[in-house]
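S.K.: There's a structure below that I have some questions on.
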Amino acid sequence: MNILIKRDVCVGCGMCAGICPEVFIMDIGGKSCVMELSESEVELCEEKIRECADICPVGAIVI
């Protein structure tokens, strides 16, 4: 699973980091970033990652 944050679209609401802190973190500029994880680590969080993409208010998370 490839996860992309459209940083020019991200408004830094932090919902993704709140729902799935294992994958998403907020950078110093207040934008979401994807942590570097192995494919197996990502698979463990797949449901939460999809939830984050679905609820992102600006559609900045692309799977």
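All of the numbers you see were taken from the coordinates with simple rules; none came from a lab. Keep in mind it's a predicted model, so treat the numbers as computed, not measured. When we count neighbours, we look across all protein chains shown, and the Cβ atoms used for this are built from the backbone with ideal geometry, even at glycine.
S.K.: Restricting attention to the alpha-carbon atoms of segment 4-62, what are Rg (one decimal) and Dmax (integer), both in Å?
M.R.: 10.4, 29
S.K.: Still on this structure, please answer the following. Would you mind counting up the charge near Ile63? Only other residues with Cβ under 15 Å from its Cβ, with Lys and Arg at +1 and Asp and Glu at -1. Write down the numbers at each step before the final one.
M.R.: Details: positive: Lys6, Lys48, Arg50; negative: Glu39, Glu43, Glu46, Glu47, Glu51, Asp54.
With Lys, Arg at +1 and Asp, Glu at -1, the neighbours total -3.
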